[in-house]
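**Student:** I'd like to ask you about the structure that follows.
Read-outs: derived from the displayed coordinates by stated rules, not from any lab. None of the values given here were measured: they were computed from a predicted structure. Please note: Cβ atoms are built from the backbone with ideal geometry, for glycine as well, and neighbour counts cover all protein chains shown.
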Amino acid sequence: MNTSSVAPRAIVFEDHSGLASALTDLLEARLGYDVTCAGCIEEALRLAHVEPCDIAIVDLNLQGIRAYPALDELKRRGIPYVLATGAMPVDIPCRYKAPTVHKPYSAQQLELAIKEASSARVC
């Protein structure tokens, strides 16, 4: 996470607008993040390429398309991520394994996964 006085930044890849809104509220109000969201793979790829951020929260299925290309870009940039998904762990390719919260998840589960992902970050 960012250690300066500027709020840490998070990007959220989630195609369900209600969940994206609730997740944004949680990240902003409880954890103090500035949040940017993407609801489709095209926007997720754009944000993964250009958006400065400290953490990404990623639903693996964005409108029926796997988010793997966006994860590839996050990995290339060294941005830690949390998978927030309904997918079974055995269905996630090894190269994309990361701290995961399974839908439905609690705020506490997400917070712990963010801490785990952030502590594993390689700078």
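**Student:** Can you tell me the relative contact order of the chain? Whole percent, Cα pairs under 8 Å, sequence separation 6 or more.
**Tutor:** Averaging sequence separation for qualifying contacts and normalising by length gives 23 percent for the chain.
**Student:** For region 3-123, take every pair of Cα atoms, bin their distances at 5 Å starting from 0, and report each bin as a whole percent.
**Tutor:** Per 5 Å bin, starting at 0, the Cα pair percentages come out as 2, 12, 25, 28, 22, 10, 2, 0.
**Student:** So, in nm, how far is label Leu112 from label Arg76 when the simple model puts each one 7 Å beyond its Cα toward the Cβ?
**Tutor:** 3.4
**Student:** Could you tell me which residue out of Gln108, Ile79, Val12 lies farthest along the dipole of the chain toward its positive end? Charges go on the beta carbon: Lys and Arg +1, Asp and Glu -1, centred on the Cα centre.
**Tutor:** Ile79
**Student:** I'd like the distance between the alpha-carbon centres of region 60-79 and region 87-123, rounded to an integer number of Å.
**Tutor:** One Cα centre to the other: 13 Å.
**Student:** Still on this structure, I have one more. Rounded to the nearest 5, what % of the DSSP beta bridges within the chain are antiparallel ones?
**Tutor:** Roughly 10 percent of the DSSP beta bridges within the chain come out antiparallel.
**Student:** Still on this structure, please answer the following. GluC sites (Glu not before Pro), restricted to region 15-61: which are DSSP loop and have at most 11 other Cβ atoms within 10 Å?
**Tutor:** Answer in residue order: no site qualifies.
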